[in-house]
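Before any comments, here is the structure.
The values are calculated or read from the model by the stated rules, or taken from the named source; none is laboratory data. What you see is a predicted model; the values in this text were computed from it and never measured. Positions of Cβ are backbone-derived with ideal geometry, glycine not excepted, and every protein chain shown enters the neighbour counts.
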Amino acid sequence: MKLKKILPQLLTLLFIVLIFGFFTMNAQDNMDTRGIEFGFGFLSKEASFDIQFSLIDYDGSHSYARAYLVGLLNTLLVAFIGIILATLLGIVIGVARLSPNYLIRKTASFYIEFFRNIPLLLQIFFWYYAALRALPTPEAATLLLGSSFMTIKGLFTPAPIWTNFDVFFKALVIAMVLIFFFSRYAKKKQEQEGKQLPTFIISLAIFMGLPLLTFLVGGVDLSFSFPVLRQMSQSSYTFDGGMGIPPELIALTLALTLYTATFIAENVRAGIQGIGIGQKEAAASIGLKPSQVLKLVIMPQALRIIIPPTTNQYLNLTKNSSLAAAIAYPDLVLVFAGTAMMQTGKAIEIVGITMATYLTISIAISLLMNWYNRRIAIKEK
């Protein structure tokens, strides 16, 4: 009886091993025929190409492993920013879809239908080639907010210069830990005594107050480097100082945010509508305001419906960031699976590393969101 249950699984596993072995042997035979050696020694060799945007120090004299790290960090950057912005925008649009105000409701519906039904790649092209390419050159740029410039070469803003940043960072971490424990205490007190503490105000005070104290007693100082226009040649200008955000990053982030937010908004709408109308009416009958009903009654329960499909959208956004290669944003695909692969000819190794990297990132996001989903699940006592 046990053999009948195990046999199909063994046969399936054997089939997978045979298929994998066949393709591996076939690839090895083709590589031997062409005199191609398999290995990862190329990672320590000099890359000999530059990358226009990097979060860490890099130039052509660095190794391919360093180039891989640059591409990985650029991918994580756009994924992180995109997830945060898409979540915030999606929540606002999702709630607006259910607004009793006709104009707000229809505007939110139009936004969803418009951005959801245009291919993401076309949206990236629009923001990069149509919107940002129409901006002025550096010498013709106008001052924004007294210190920034938006040009065809990107956004140039003041760059922070820290003294004793490690002290400030430690204070920030301590503040987050204190907020975590205070939130647990406030929740426990509310469950036991029915008393609701001003969690948001106190948490905000801790989050801002403790790091600010480091400026008074911790020796922390903050100054700014401002962008200054410099003429490189007779017809070429650029900015020295400050911080430059390339147009490729801006266009990619805008497109990913606006596109993904439409699906998150629908998840939010479905989650809110999945809560029975009776609970809303009961909450309103005891004097709760509409904002309190949404915050205290609806959203805590709606999250159980919202989180699983939203996790899929986070994964889609991360993988869709690989479209950055279409506008030459130096992400992992362009830098490593593009330039590095063409220079080294190590197609199997580089494609394998790139696939494993995206798989690892996706699994990490899934594990984090699944943990959060279990944490907010309603548990019967």
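What's the number of the condition G287 fails, among (1) part of a helix (DSSP H, G or I); (2) surrounded by fewer than 12 Cβ atoms within 10 Å (Cβ to Cβ)? Among (1) part of a helix (DSSP H, G or I); (2) surrounded by fewer than 12 Cβ atoms within 10 Å (Cβ to Cβ), the lone unmet condition for G287 is (1). State which residue is modelled with the lowest pLDDT when the search covers only region 79-137 and only residues that are under 23 Å from D331 (Cα atoms) and not hydrophobic (A, V, I, L, M, F, W, C). Among those that are under 23 Å from D331 (Cα atoms) and not hydrophobic (A, V, I, L, M, F, W, C), it is R133. Among the residues of region 150-203, those that are of a type in the set (V, I, T), in contact (Cβ under 8 Å) with a residue 12 or more places away in the chain and within 19 Å of G218 (Cα to Cα) comprise I161, T163, V167, I174. Go through region 25-68 and give me each residue that's under 30 Å from A159 (Cα atoms) and touching a His at 6+ places or on another chain (Cβ under 9 Å). Within region 25-68, just A47 meets the criteria. Quick check on region 37-74: of everything there that is within 14 Å of I348 (Cα to Cα) and surrounded by 15 or more Cβ atoms within 10 Å (Cβ to Cβ), which residue is nearest to the chain's Cα centre (by Cα)? So, considering only residues that are within 14 Å of I348 (Cα to Cα) and surrounded by 15 or more Cβ atoms within 10 Å (Cβ to Cβ), the one nearest to the chain's Cα centre (by Cα) is L43.
Exactly one residue among I118, I104, I84, I112 is buried (at least 17 other Cβ atoms within 10 Å of the Cβ) and not aromatic (F, W, Y), and that residue is I112.
Against the numbered list (1) under 28 Å from K295 (Cα atoms); (2) of a type outside the set (D, E, K, R); (3) at pLDDT 85 or above, G278 comes up short only at (3).
Quick check, is T354 out of contact with any Lys or Arg (no Cβ under 8 Å at 6 or more places or on another chain), more than 30 Å from F38 (Cα to Cα) and part of a helix (DSSP H, G or I)? Spelling it out, it is not the case that T354 is out of contact with any Lys or Arg (no Cβ under 8 Å at 6 or more places or on another chain), more than 30 Å from F38 (Cα to Cα) and part of a helix (DSSP H, G or I). Out of P300, P308, report the one residue that is surrounded by fewer than 15 Cβ atoms within 10 Å (Cβ to Cβ), of a type outside the set (V, I, T), within 30 Å of N74 (Cα to Cα) and touching a residue at least 60 places away in the same chain (Cβ under 8 Å). After applying the criteria, what remains is P308.
Step by step: first the residues of region 227-252, then only those that are surrounded by fewer than 16 Cβ atoms within 10 Å (Cβ to Cβ) and not in a strand (DSSP E or B), then the one that is nearest to the chain's Cα centre (by Cα). Which residue is that? Result: G241.
For T214, work out the one condition from (1) farther than 30 Å from F126 by Cβ; (2) surrounded by fewer than 19 Cβ atoms within 10 Å (Cβ to Cβ); (3) in contact (Cβ under 8 Å) with a residue 40 or more places away in the chain it doesn't fulfil. Among (1) farther than 30 Å from F126 by Cβ; (2) surrounded by fewer than 19 Cβ atoms within 10 Å (Cβ to Cβ); (3) in contact (Cβ under 8 Å) with a residue 40 or more places away in the chain, T214 violates only (2).
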